[in-house]
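What follows is a single structure, written as structure tokens, with notes after it.
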Amino acid sequence: MERQRALASEEEGLKENPLMTSTELESMGDFYTRQGNLAMAFLKYEQALRLGRNQPNLHYKLGRLFLAK
């Protein structure tokens, strides 16, 4: 439920600022990971993957988040 609300909020954010690149979203995910906010990190990595699926580093980072839970 919390994840769905966060995802909806993030989708709105992407609509407002669609110019974020996959690299920028990945950096934001890295920042949230360092801050311990794994839910937001997960969302940022997912958004980055939507912009470019062929990014093994993002799949790796998402896998690390799954293992951390």
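The values are calculated or read from the model by the stated rules, or taken from the named source; none is laboratory data. From a predicted model like this one, the values you see are computed outputs, not experimental measurements. Counting neighbours? That spans all protein chains shown, and the Cβs are built from the backbone with ideal geometry, glycine included. For accessibility, only protein heavy atoms count, side chains too; no ligands or nucleic acids. Shrake-Rupley method; radii C 1.70, N 1.55, O 1.52, S 1.80 Å.
How many residues, within the stretch 28-44, are surrounded by 11 or more Cβ atoms within 10 Å (Cβ to Cβ) and basic (Lys, Arg)?
So the count comes out to 1.
Scan the stretch 58-69 for residues that are assigned to a helix (DSSP H, G or I) and either open to solvent by 100 Å² or more (accessible area, probe 1.4 Å) or on the phi > 0 side of the Ramachandran plot (or both) and report the count.
Number satisfying all stated conditions: 4.
Note down all Cβ pairs under 8 Å where the first residue falls in the stretch 13-39 and is closer than 13 Å to residue 58 by Cα and among the aliphatic types (A, V, I, L, M), the second is open to solvent by 70 Å² or more (accessible area, probe 1.4 Å) and modelled with pLDDT of 85 or more, and they're at least six residues apart or on different chains.
25/51
Any idea which of (1) assigned to a loop (DSSP other than H, G, I, E, B); (2) modelled with pLDDT under 80 is the one residue 13 doesn't satisfy?
(1)
For the stretch 45-57, state whether one or more residues are outside any loop (DSSP other than H, G, I, E, B), open to solvent by 50 Å² or more (accessible area, probe 1.4 Å) and among the polar types (S, T, N, Q). Explain how you work it out, then say what you get.
Step one: of the stretch 45-57, the residues outside any loop (DSSP other than H, G, I, E, B) are 45-51, 56-57.
Still in the running and open to solvent by 50 Å² or more (accessible area, probe 1.4 Å): 50-51, 56-57.
This time we only want the ones that are among the polar types (S, T, N, Q), so: 57.
Within the stretch 45-57, one or more residues are outside any loop (DSSP other than H, G, I, E, B), open to solvent by 50 Å² or more (accessible area, probe 1.4 Å) and among the polar types (S, T, N, Q).
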